[in-house]
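S.K.: The structure under discussion is supplied below as structure tokens; questions concerning it will follow.
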Amino acid sequence: MQFSYLVTFTHPDAAARISDDDCQRVLRELEATPSLSRVRLYTPSAAKDYYTDDGPSPILAFQLDFERLADLEAVISADGHLQTLAALDLASLRTSSVEQQVMLRRPFPVLDATPQVPTGALPCQFLVHYPGRAENFDAWLDYYLSHHPQIMKFFPGVREIEIFTGVDWIDAMPWTRVHYMQRNKLMFDSDAAVTNAMNSTVRHDMRADFEKFPPFEGSNIHHPMWADTRYPVKRA
């Protein structure tokens with residue numbers, strides 16, 4: 001079982017990008033986080049989905065994975081490590097709004113997890129979140145986890161499936177807390193691979209299953225983003 005800290009920066013200018021210097025400063029702080037098992041830094045990409053167009057991707061997002069909820073909560077406490085990151089004056093992110101959420105990470109199998117990312121490039125991840133509410137959340141989640149990832153694995157070129165579900169958490173970060181009922185992330189080798197998958201016959205199967213979900217409101221939001229994955233250095 002793993003817990004993930006998910007943070008998203010949305011800039012008022014959809015064309016804005018984080019500067020290289022600010023990106024490196026963020027990465028240094030994230031990689032130094034205690035008890036971390038994995039960090040992912042997301043930056044905007046582009047892909048075309050047959051059914052949806054939710055506009056430009058956020059300027060930045062990151063995902064920090066931990067084995068224990070207590071370890072995660074420690075780094076976002078009043079004297080936690082990530083307060084240093086929140087206090088950084090990052091010029092290219094200065095006017096961004098920031099959302100945060102802690103969730104349980106659920107990996108699901110794929111048919112071929114071997115990446116074939118072009119040399120010098122990053123893989124592309126399709127990030128989805130459900131911001132609304134289900135009439136009966138238990139029934140909704142049971143249906144989703146029992147049906148949707150079992151279709152996702154047939155997407156051509158999908159290398160990883162992660163589904164995130166809610167937990168209660170405590171923090172002292174200066175960022176807005178959100179309580180999205182569910183998220184999922186699909187990893188592909190490139191933005192072109194995302195577009196290919198989202199215009200395949202499997203996408204139509206996904207849509208047909210979506211129409212069978214137990215009643216809920218709020219729809220879902222999709223964003224393609226480049227994914228830079230780092231692992232903490234193990235020290236002797």
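The values are calculated or read from the model by the stated rules, or taken from the named source; none is laboratory data. Remember, it's a predicted structure, so these values are computed and weren't measured experimentally. Positions of Cβ are generated from backbone atoms using ideal geometry, with glycine treated the same way; all protein chains shown enter the neighbour counts.
S.K.: Out of 72, 111, I need the residue that is part of a helix (DSSP H, G or I), hydrophobic (A, V, I, L, M, F, W, C) and over 13 Å from the mean Cα position of the chain (by Cα). Which one? Outline the logic, then answer.
M.R.: Numbers: 111 fails: part of a helix (DSSP H, G or I).
After applying the criteria, what remains is 72.
S.K.: Restricting to segment 159-207, name every residue that is assigned to a helix (DSSP H, G or I) and either surrounded by 16 or more Cβ atoms within 10 Å (Cβ to Cβ) or among the basic types (Lys, Arg) (or both).
M.R.: Across segment 159-207, the qualifying residues are 191, 193, 194, 195, 196, 197, 202, 203, 206, 207.
S.K.: Can you tell me which residue is modelled with the lowest pLDDT among those in segment 51-89 that are closer than 16 Å to residue 223 by Cβ and in contact with a helix residue (DSSP H, G or I) (Cβ under 8 Å, 6 or more places away or on another chain)?
M.R.: Within segment 51-89, the match that is modelled with the lowest pLDDT is 51.
S.K.: With respect to residue 154, determine if the residue is under 23 Å from residue 109 (Cβ atoms) and either of a type in the set (A, V, I, L, M) or without any contact (Cβ under 8 Å) to a residue 60 or more places away in the chain (or both).
M.R.: Answer is yes for this residue.
S.K.: Hey, another quick one. Considering only segment 107-116, I want to know if a residue exists there that is surrounded by 16 or more Cβ atoms within 10 Å (Cβ to Cβ) and hydroxyl-bearing (Ser, Thr, Tyr).
M.R.: No, that holds for no residue.
Yes/no matrix, rows are residues, columns are (1) surrounded by 18 or more Cβ atoms within 10 Å (Cβ to Cβ); (2) closer than 26 Å to residue 103 by Cα; (3) touching a residue at least 24 places away in the same chain (Cβ under 8 Å); (4) in contact with a Leu (Cβ under 9 Å, 6 or more places away or on another chain):
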residue	(1), (2), (3), (4)
5	yes, yes, yes, yes
8	yes, yes, yes, yes
11	yes, yes, yes, yes
15	no, no, yes, no
20	no, no, no, no
32	no, yes, yes, no
35	no, yes, yes, yes
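S.K.: Restricting the first residue to segment 120-133 and requiring it to be modelled with pLDDT under 95, which pairs with a second residue that is among the aromatic types (Phe, Trp, Tyr) and surrounded by fewer than 22 Cβ atoms within 10 Å (Cβ to Cβ) meet a Cβ separation below 6 Å and a spacing of at least six or different chains?
M.R.: 132/216
Per-residue answers, yes or no, for (1) among the aromatic types (Phe, Trp, Tyr); (2) within 16 Å of residue 47 (Cα to Cα):
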residue	(1), (2)
191	no, yes
194	no, yes
198	no, yes
205	no, no
209	no, no
219	no, no
222	no, yes
226	yes, yes
229	no, no
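S.K.: Being in a helix (DSSP H, G or I) and out of contact with any Pro (no Cβ under 7 Å at 6 or more places or on another chain) is the requirement here; does residue 63 meet it? Give the derivation first.
M.R.: Working: in a helix (DSSP H, G or I): no; out of contact with any Pro (no Cβ under 7 Å at 6 or more places or on another chain): yes.
Judged against the criteria, residue 63 is not a match.
S.K.: Only one of these is surrounded by fewer than 16 Cβ atoms within 10 Å (Cβ to Cβ) and touching a strand residue (DSSP E or B) at 6+ places or on another chain (Cβ under 6 Å): 41, 104, 93, 72. Name it. Walk me through it before giving the result.
M.R.: On the way: 41 fails: surrounded by fewer than 16 Cβ atoms within 10 Å (Cβ to Cβ); 93 fails: surrounded by fewer than 16 Cβ atoms within 10 Å (Cβ to Cβ); 72 fails: surrounded by fewer than 16 Cβ atoms within 10 Å (Cβ to Cβ).
Exactly one of 41, 104, 93, 72 is surrounded by fewer than 16 Cβ atoms within 10 Å (Cβ to Cβ) and touching a strand residue (DSSP E or B) at 6+ places or on another chain (Cβ under 6 Å), namely 104.
S.K.: Residue 85 is checked against (1) assigned to a helix (DSSP H, G or I); (2) surrounded by fewer than 20 Cβ atoms within 10 Å (Cβ to Cβ) and fails just one. What number does that condition carry?
M.R.: The number of the failed condition is (2).
S.K.: Residues being among the small types (Gly, Ala, Ser) and over 19 Å from the mean Cα position of the chain (by Cα): count how many of those fall in segment 87-108.
M.R.: Here is the first cut: in segment 87-108, the residues among the small types (Gly, Ala, Ser) are 87, 91-92, 96-97.
Keeping just the survivors that are over 19 Å from the mean Cα position of the chain (by Cα) gives 87, 91-92.
Here the count works out to 3.
S.K.: Can you pull out the residues in segment 114-148 that are assigned to a helix (DSSP H, G or I) and among the aromatic types (Phe, Trp, Tyr)?
M.R.: 137, 140, 143, 144
S.K.: Looking only at segment 1-39, which residues are aliphatic (A, V, I, L, M), over 21 Å from residue 162 (Cα atoms) and not in a loop (DSSP other than H, G, I, E, B)? Talk me through it step by step, then tell me what you get.
M.R.: First, pick out the residues of segment 1-39 that are aliphatic (A, V, I, L, M): 1, 6-7, 14-16, 18, 26-27, 30, 32, 36, 39.
In the following step, the residues that additionally are over 21 Å from residue 162 (Cα atoms) were identified as 14-16, 18, 26-27, 32.
Of everything in segment 1-39, those that are aliphatic (A, V, I, L, M), over 21 Å from residue 162 (Cα atoms) and not in a loop (DSSP other than H, G, I, E, B) turn out to be 26, 27.
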